Each structure stands twice: as C-alpha cells, then as structure tokens.
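Engineer: Quick one: the structure is below, and I'll ask about it shortly.
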There are 2 protein chains.
Amino acid sequence: MDKGKRARVDETEEDELDIDPEVADAIQQLQEVQDQLEKVNEEASDAVLEVEQRFNKVRRPLYDTRGAVIASISDFWLTAWLSHPMLGTLLSEEDQMVFKHLDAISVEEFSDIKSGYQIIFTWHENPYFEDKQLSKVFKFSDDGTVSVSGTQPKWKPGMDLTARQGEPEKTNGRKRRQEERECSFFVWFSETMQTDVFLEGPDRVAEVIKDDLWTNPLKYFTQDGEEDEGFEEETSHD
Amino acid sequence: MDKGKRARVDETEEDELDIDPEVADAIQQLQEVQDQLEKVNEEASDAVLEVEQRFNKVRRPLYDTRGAVIASISDFWLTAWLSHPMLGTLLSEEDQMVFKHLDAISVEEFSDIKSGYQIIFTWHENPYFEDKQLSKVFKFSDDGTVSVSGTQPKWKPGMDLTARQGEPEKTNGRKRRQEERECSFFVWFSETMQTDVFLEGPDRVAEVIKDDLWTNPLKYFTQDGEEDEGFEEETSHD
Ligand SMILES: [Ca+2]
Ligand SMILES: [Ca+2]
Ligand SMILES: [Mg+2]
Ligand SMILES: [Mg+2]
C-alpha cells in the first residue's frame, strides 16, 4: 500500500494524481495541523527571544565590569585560553607570543539574538599585525545556513603566521606535519565557509569560545596545570 | 608575568600562595561577577523553560490530532522515514519490513523540558518482537552529561535483526561490510553510552527525529523520490 507515497501537498496537482481520496483528505488535514504547529512554534521562539533579550540587557553591565577587571590582570586571556582543554591545543608557540598582546575577548550577540553573534579579539600595538581588532561573525539565516566572515589580519612584513605553515620545518630530524599544533590558530579567522548548521554543526571553536570560555573564563584562568593532565604550560617560563 | 597563573579561587589557600595581592583582589572581584552572571543565567533559563512549557501545552493537542490523522494513512511513518535524507539510509531491507508494523512515532519532552525527552515507537502485533513500544530516553544532568537508556526489543525466536549482523553475507561475490546499510537500525535502541553533551554532541539520530522528522513528518511523507537524488525507494514495489 503505497498510495500515500505519491501524494503531494500541492493542491493544484492533487486531483491529477492517482491518490485515494481518503488519503488526500488526510494529507490536507495534516497540512492544516502543521500550519497551526508552525504558528505556535513561531510564537514560542519569539517569546523565548524576548526573554533572552531581556536577560542580555541584565548581563551586559556585568560583562563590562568583568572586562575592566580582566584588563588589570596580565595575560589573563592567554592563561585562561591555554588552560582550556580544547582551546589550549590550538595555539602554536608563535601564536602564544601573539596572544601576549591580547587585551580582550568579547562575545556579542546581535540584538535580535537569533540572527547571529560575533567574537571580537582586541589587541594592543604588536609586532605581528596592524589590526586593533580581529573578529569573526556568524550570521544565521532562516533557511538554516550560517554565513561566516572574519577579519583577515593585516600582517606586518614577514610576520604572517598563517603563511608559514606551507614551509615544512625540520623538527627532531623529521618533517613537522602541517595538521599538528604548529598550524597557526589565526587561520581560524579566514575559515569562512558557508555551513549547513543542521547537518554539519557550526564552527566548533567559536561555539566553545561563546558557550564555555566566555561564560566563565575565570574557571580556566584559576585552573592549575597540575589538574589538567596532558596540557603543557609552555608559556610559564617566558 | 605569570602571577595570575598560580592563583586559586579557594580563599583558604590564597594567602599561602605566592600571588600579587592586586591580582588576588582582581580574582576575587571576578569571582563575584561570575556568581552574579550565574544567577542571571539561571533566572534566564528558568524563564525560557516557563515559556517552553507554556507552548508545549499548546502543541500537545495539535500533536494528538496529528497522530490520529497519521494513523489513518498506511505506512505513513515508514514512508516519511525513508524519504528523510539522513534517516532513510539507516533502515536495512529487513528493518523496512519491521517498520511496516509501526503505528506511531512520538517525541515527548519531560514536563520540566530541561531534564530530557523520550522517543517512543509504537508497534502493532508483528512477527519480529513482543514489544508494543520501543523507546529511547535521554536524561540530562546539570553537569552536562546525558544518560541514555533504551528498550532492548524482546525478539521472537530467530528474529533478532541486531544479532544477524555478526554473520558476514556474500553480496555480489564480496563480503558485505558490517558498517554498511545492512546494519540494523534496531541497534540504536541499545546504544546507551553516557555521553558528554558539550564535547561530543548527543545522539545524532535522536536529534534528527526530534528536531526534524517530528517537527514536520508531512514534509518528508509528501516528498517525491524524484526530488531527492541518491535515495532508493526500496519499498515502493512491495
Ligand atoms: Ca593551567
Ligand atoms: Ca520519497
Ligand atoms: Mg594582556
Ligand atoms: Mg502503519
């Protein structure tokens, strides 16, 4: 019995097709229920967004206060980042030198929230690039895609860390593999493929920054190296 | 400067450690801000849950109506399932025979929503197993883990489709690989590992059922095979 299989919702074609009228009627009823469900879902997500917007306004001054306190602690973000089990693995030794010039990380949701967010890295004057800010922006569309854009750093002459990974270096007598930790994190700012959120999942690094590091960086900053095994505190002797 | 690095929030130990008092003070301030943020986050998620609960009550009668209409259409769920680009690939030919005995699929969130949901498959009398229902349950804990439990089907003698995959069959003169489509979907009910939601992501199949198929099964039921390339309608000639 595969009468239903050939059915279409498109009403103009329905009569021309070989469908049991009872099935056609049932499909029509289902379409009406789905339309009602869709309306309820839209109302629900509007109501949730309203709540989120309301609480984002409450969070904003707290994040501002936090940012001011963080700015008074040397290498706060570098330390927290390196202590994070996933993010810590992403910085090459050179990246860590660059992160010494990092003043702030900030995650900002668009005011309507559902349409996206951006992650902003603020730097002080440094020998690597001209930019005061590098950011990555995620814009969600109603069709379930996310378009990603990022700042291409304006590297100072000879300082482009992302260009260096093409040149194989000798390490312990063997060629260093490009995929390993010496791949610069700064490549991430240029990874701007349009992604299908539903099937692929969005940028994992961005998610971890937004939902974990940003939520509580102090947790990682105060984490002692002894507690997280397998993590080398390579910058602690600078 | 790695004064901050060795800092701990634990106040009883703080004085004994070698920390700049200004950094210790800043950490203390950060902890206070984080405590306030956590309180706001809890209020926000309570408020969101309240909204979701309210709308779930609105959706419930619509789902009930939908279920009654669906029950009047032969092989509705089998047809919709097979037309889904991801779910459709999960049913072996034998699984498809079993799905001919599927009366209903239902997704039910726990009444507090945040603590989990279950997916229930309701079957009529069939030659494969004794169960009227097979379900898979996802329980979320505050620590970010999800514990998964599922119904082990009570297979009738000789009918256990999940046991057969151990026996390699000859297909086109070569051994069929176990990972391929002939692996029974019913294994899914027994895949009950405790998972770290944050780093691993939960059960992908469950997510697709809950957030896509359940949301609008009619979309897949009415989808014509011609529109989704690479998908074989293996049951259409039964
Ligand atoms: Ca550490
Ligand atoms: Ca189809
Ligand atoms: Mg700094
Ligand atoms: Mg049926």
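Engineer: For each pair in A:LYS57/A:LYS139; B:LYS136/B:LYS156; A:LYS154/B:LYS39, compute the distance between the two Cα atoms and list the pairs where it is over 29 Å.
Structural biologist: On the way: A:LYS57/A:LYS139 21 Å; B:LYS136/B:LYS156 20 Å; A:LYS154/B:LYS39 40 Å.
Pairs exceeding 29 Å: A:LYS154/B:LYS39.
Engineer: In whole Hz and in residue order, list the ³J(HN,Hα) couplings for the stretch A:56-69 that follow from phi through the Karplus curve 6.51 cos²θ - 1.76 cosθ + 1.60, θ = phi - 60°; x for Gly and Pro.
Structural biologist: Here the 3J(HN,Hα) series is 4, 5, 6, 6, 3, x, 5, 5, 4, 4, 4, x, 5, 5 Hz.
Engineer: I've got another one for you. Non-local amide H neighbours of A:GLY150 (under 5 Å, H modeled in plane, Pro and chain starts lacking H): which ones?
Structural biologist: A:VAL137
Engineer: Given a Förster radius of 56 Å and the C-beta distance between B:ASP142 and A:SER190 as r, what FRET efficiency does 1/(1 + (r/R0)^6) yield to the nearest 0.05? Before the final figure, lay out each step's value.
Structural biologist: Working: r = 37 Å, r/R0 = 0.67.
The formula returns an efficiency of 0.90 here.
Engineer: In addition: Using θ = phi - 60° and the Karplus relation 6.51 cos²θ - 1.76 cosθ + 1.60, list the HN-Hα couplings for the stretch A:91-106 in order, rounded to whole Hz, with x at every Gly or Pro.
Structural biologist: 9, 6, 4, 5, 4, 5, 5, 5, 5, 5, 9, 7, 8, 7, 10, 9
Engineer: Separate question: Calculate log10 I(q)/I(0) of the stretch A:42-102 for q = 0.14, 0.19, 0.30 Å⁻¹, where I(q) comes from the Debye formula with a single equal point scatterer on each Cα and nothing for solvent.
Structural biologist: -0.62, -0.78, -1.13
Engineer: Determine ³J(HN,Hα), in whole Hz, for all residues of the stretch A:215-220 in sequence, where each value follows from phi through the Karplus function 6.51 cos²θ - 1.76 cosθ + 1.60 and θ = phi - 60°; x replaces Gly and Pro.
Structural biologist: Values, residue by residue: 4, 8, x, 4, 3, 7 Hz.
Engineer: Taking the simple approach of a point 7 Å from Cα along Cα-to-Cβ for both B:GLU42 and B:ASP211, what is their distance in nm?
Structural biologist: My value for the distance between the label points is 2.7 nm.
Engineer: Then there is this: Calculate the FRET efficiency for B:GLU32 and A:SER135 from the Cβ-Cβ distance with a Förster distance of 30 Å, rounded to the nearest 0.05.
Structural biologist: Details: r = 29 Å, r/R0 = 0.95.
The calculated FRET efficiency here is 0.55.
Engineer: Here is a follow-up. Can you bin every Cα-Cα distance in the stretch A:88-150 into 5 Å intervals starting at zero and give me the percent of pairs per bin, rounded to whole numbers?
Structural biologist: Bin by bin from 0 Å, the calculated values are 4, 16, 20, 20, 15, 11, 9, 4, 0.
Engineer: What do you get when you divide the Cα radius of gyration of the stretch B:14-161 by 2.2 N^0.38 Å, with N the number of residues? Before the final figure, lay out each step's value.
Structural biologist: Values: Rg = 24.1 Å, N = 148, 2.2 N^0.38 = 14.7 Å.
Its radius of gyration relative to the 2.2 N^0.38 Å reference: 1.64.
Engineer: Interface size between chain A and chain B, please: total buried accessible area, 1.4 Å probe, rounded to the nearest 100 Å². Write out the running numbers ahead of the final one.
Structural biologist: Working: alone 15500 and 15520 Å², together 25660 Å².
The contact between B and A buries close to 5400 Å².
Engineer: Still on this structure: Just grab the label-to-label distance for B:ASP160 and A:ARG54, each label 7 Å out from Cα along the Cβ direction, in nm (one decimal).
Structural biologist: 5.4
Engineer: How charged is the neighbourhood of B:THR151? Take every other residue with its Cβ under 10 Å from the Cβ of B:THR151, and add Lys/Arg as +1 and Asp/Glu as -1. All intermediate terms of the calculation are to be shown ahead of the outcome.
Structural biologist: Working: positive: B:LYS136, B:LYS154; negative: B:ASP131.
For residues surrounding B:THR151, the net value is +1.
Engineer: May I pose another question? Please list, in chain and number order, the residues 5+ apart from A:ASP103 or on another chain whose amide H is under 5 Å from its amide H, with Hs placed from the backbone.
Structural biologist: Excluding prolines and chain starts, which carry no amide H, the hits are A:THR122, A:TRP123, A:HIS124.
Engineer: I've got another one for you. Please list the non-local residues whose amide H lies under 5 Å from the amide H of A:ASP131, H modeled 1.01 Å from N, same-chain partners needing a gap of 5 or more.
Structural biologist: A:LYS154
Engineer: Within the stretch A:75-116, report the chymotrypsin sites (Phe, Trp or Tyr not before Pro) that DSSP leaves as loop and that have at most 14 other Cβ atoms within 10 Å. Don't skip to the end; give the middle numbers.
Structural biologist: On the way: sites: A:PHE76, A:TRP77, A:TRP81, A:PHE99, A:PHE110; in loops: A:PHE110.
Those satisfying the criteria are A:PHE110.
The values are calculated or read from the model by the stated rules, or taken from the named source; none is laboratory data. Being a predicted model, the structure only gives us computed values, none of them experimental. When we count neighbours, we look across all protein chains shown, and the Cβ atoms used for this are built from the backbone with ideal geometry, even at glycine. The accessibility values were calculated without ligands, DNA or RNA, using every heavy atom of the protein model including side chains. Shrake-Rupley method; radii C 1.70, N 1.55, O 1.52, S 1.80 Å.
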